[in-house]
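Here's the structure we're looking at; comments come further down.
Derivation of every value follows stated rules applied to the coordinates shown; laboratory data play no part. Just so you know, these numbers come straight off a predicted model, no measurement behind them. Here the Cβ is made from the backbone with ideal geometry for all residues, glycine too, and neighbour counts use every protein chain on show.
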Amino acid sequence: MIDQLVQRHPGLVFHVITADPVELSTHSLPQRHIELALGALPAAPPANVAAEVLFEDRQVVMAGIDSPLEHRRKLTLADLIDEHWVLPPPGSAPRRYIDEAFVAHGFNSPPHQSQSSTYRSSWSLFAA
């Protein structure tokens, strides 16, 4: 997508940042600090922000290949609640989906957790 835009508009400059989608939709976009954002859609984007769903994202639970959980089948959240989780920060769009899944199954968020707002640091924590 960026390649196509740059070919059509050679002077266009892109700055890639990592930010919370809620902050982007409520502050950065309406105040025109940025012109475009790609990311998770907040539950209710403000009226002054146009949003279009590009695809539906699936949330998955992952475990390391050497984890004792790796060979188990039909795991439930109850089986996993006391494991150490790497989760997005509270209030972020991905975390909201995760918290809703736990609540739907009668649980609060996992008690043992690390938090990360970037995929790169999540992978680092996950691999540790």
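Couple of notes before you dig in:
- Principal axis analysis of the Cα atoms in the chain yields extents of 53, 31, 23 Å, listed in decreasing size.
- Ranked T18, T26, criterion: other C-beta atoms within 10 Å, fewest first: T18, T26
- Applying the Karplus relation 6.51 cos²θ - 1.76 cosθ + 1.60 with θ = phi - 60° to the stretch 26-40 yields 3J(HN,Hα) values of 9, 10, 5, 6, x, 8, 6, 6, 9, 9, 8, 9, 10, x, 5 Hz, where x marks Gly and Pro.
- Taking amide hydrogens as placed 1.01 Å from N in the peptide plane, the amide H of V86 sits under 5 Å from those of S114, each at least 5 positions away in sequence or on another chain.
- Residue order, fewest to most surrounding Cβ atoms within 10 angstrom, among E23, E70: E70, E23
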